[in-house]
Structure formats: structure tokens, C-alpha cells
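Chemist: One structure is given below, represented as C-alpha cells, and several questions about it will come after.
Values quoted throughout were computed directly from the atomic coordinates according to the rules given, and no laboratory measurement underlies them. Everything numeric in this text was worked out from a predicted model, so none of it was measured. FYI the Cβ positions are ideal-geometry reconstructions off the backbone, even for glycines, and counts take in every protein chain you see.
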Amino acid sequence: MKIATNLNKNVFCLEGDWEKDLRDKSSVSAALDFLHANCGIDYIHKNCGTKDNLKYYLSLWKQKRYQNYTIAYLAFHGHPEQIKVGKEYLNLEELADTLSGSCENKIIHFGSCNTLDTNERNISKFLKKTKALCVCGFKSDIDFLESSVFDMLLIQKFQEYKDVRAVDRDLKKNYRRLINRLNFRFQYQ
């Protein structure tokens, strides 16, 4: 279950607004542009302002035409066990229900503060319900720039290995201090 079917794992990124001021241009899209230009990683990037909007894009992600977009990169403000979409919150259980059984051979990364600040059992339930290869993200508040750079590194590492356990080992071997500072969590079945 931990083995991806291919090395090329394109990114399906859904992103919320980082600031209330609409003139603010903060976005992870520049990181995705960098990965595309320098590593050849294709991506889809969509902004989401409501839970319904997020669920709509996730329903499209399930379509066969997007089967090569196997990394879900969910870039939102977060709180323990949830992400903030606009003025609403979506918890891990609701997200697991939305994705139920549709994430076989897929990776889910939460590029958000605190979302994985939960116990191992809750993440295991999420993995089991979605059938994802792994879920990863942060357990505490994180700096936007530093975490965006780490997200790029993580996505590139997923390209190097089919086995998510190898990604986990590589990150721990080479970036342990950064993982600890960001309070990064990586879990698989």
C-alpha cells in the first residue's frame, strides 16, 4: 500500500486566502511554478473560498483525467484537525468523507498550521477512509516562507521514490532539524 505506481507525481493544489486584504499576493503558486520550471513537475492550482468550492474541486480531482495528479497539496490556514476555507472550517473527518475511498495511490499534504495536531489514531482513520498512501503536514504554527520552501523539498522528494517510507527516511536523515523546527508529521499505513 505504501508503493506509488509511478515516480512522476503531479500536484493538485487547492489554496485558500492567506490575508483578508485581497491586494495581498501571498500564494504557494510561485513555489509550484519553481517546481515546474526546475523539476518538470506539472500542477493544477485552484483557489477556494468556501467549503462547497473545495469539495467541488476535490470531486473533479477524482476524475480519471486527473489520475496523474497524485499529490493533493492543501494550502490553507489550519487549526488542530481542520483547515479554514474562507470563513468556514473543514475537519479531517469531513474531508475523509469527501475523499472516501478515492485516494488510492495518492498523497495528501496539508500545507497549513496545526492541521495534523491530533493523535495517530485519528490520522490512521483518515488514511483508512481515504485509502491514501500517506498524509503529511504540520502540528504547530509555521512560518509561511520556511514551510513553503519545505513543501517544495517534500514534493521533489516524492518524485525520487515510489515507496513513501523511503521519502520519510530521506527527510529524517537529511533534514531532521528542519522537520523538528516545523513540527512536521508524516504518517502512512
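Chemist: Could you run through segment 55-67 and say how many residues are surrounded by 13 or more Cβ atoms within 10 Å (Cβ to Cβ) and among the polar types (S, T, N, Q)?
Modeler: Final tally of qualifying residues: 1.
Chemist: Another question, if that's okay. Looking only at segment 67-91, filter to residues that are within 16 Å of the chain's Cα centre (by Cα) and among the hydroxyl-bearing types (Ser, Thr, Tyr); which one of those is nearest to Ser140 (Cα to Cα)?
Modeler: Per the criteria, the residue is Tyr73.
Chemist: Another one. Are any of the residues in segment 132-146 in a strand (DSSP E or B), out of contact with any His (no Cβ under 9 Å at 6 or more places or on another chain) and under 15 Å from Ala75 (Cβ atoms)? Walk me through how you get there before you give the answer.
Modeler: Keep residues of segment 132-146 that are in a strand (DSSP E or B), which gives 134-138.
Remaining after also requiring out of contact with any His (no Cβ under 9 Å at 6 or more places or on another chain): 138.
Remaining after also requiring under 15 Å from Ala75 (Cβ atoms): 138.
Yes, the conditions are met somewhere in segment 132-146.
Chemist: Quick test of your reading of the structure: Cys103 fulfils all but one of (1) free of Cβ contacts under 8 Å to residues at least 12 places away in the same chain; (2) surrounded by 18 or more Cβ atoms within 10 Å (Cβ to Cβ). Name the failing condition by number.
Modeler: All conditions are met except number (1).
Chemist: Using beta carbons and a limit of 6 Å, which pairs, at least six apart or on different chains, have the first residue in segment 168-189 and touching a residue at least 60 places away in the same chain (Cβ under 8 Å) and the second one loosely packed, with under 13 Cβ neighbours inside 10 Å?
Modeler: Gln189/Met1
Chemist: Pull up segment 93-149, narrow it to residues that are basic (Lys, Arg) and more than 12 Å from the chain's Cα centre (by Cα), then point me to the one that is nearest to Asn10 (Cα to Cα).
Modeler: As a first pass, look at segment 93-149 and keep what is basic (Lys, Arg): 106, 121, 125, 128-129, 131, 139.
Filter once more, keeping what is more than 12 Å from the chain's Cα centre (by Cα): 121, 125, 128-129, 131, 139.
Values: Arg121: 28, Lys125: 25, Lys128: 22, Lys129: 22, Lys131: 18, Lys139: 25 Å.
The selected residue is Lys131.
Chemist: Condition first: more than 20 Å from Val164 (Cβ to Cβ), exposed (fewer than 14 other Cβ atoms within 10 Å of the Cβ) and free of Cβ contacts under 8 Å to residues at least 60 places away in the same chain. Can you find one or more residues in segment 74-81 that meet it?
Modeler: no
Chemist: While we're here: Looking at the structure I just gave you, is Asp117 loosely packed, with under 15 Cβ neighbours inside 10 Å and either touching a His at 6+ places or on another chain (Cβ under 6 Å) or under 27 Å from Arg181 (Cα atoms) (or both)?
Modeler: Working: loosely packed, with under 15 Cβ neighbours inside 10 Å: no; either touching a His at 6+ places or on another chain (Cβ under 6 Å) or under 27 Å from Arg181 (Cα atoms) (or both): yes.
In short, no.
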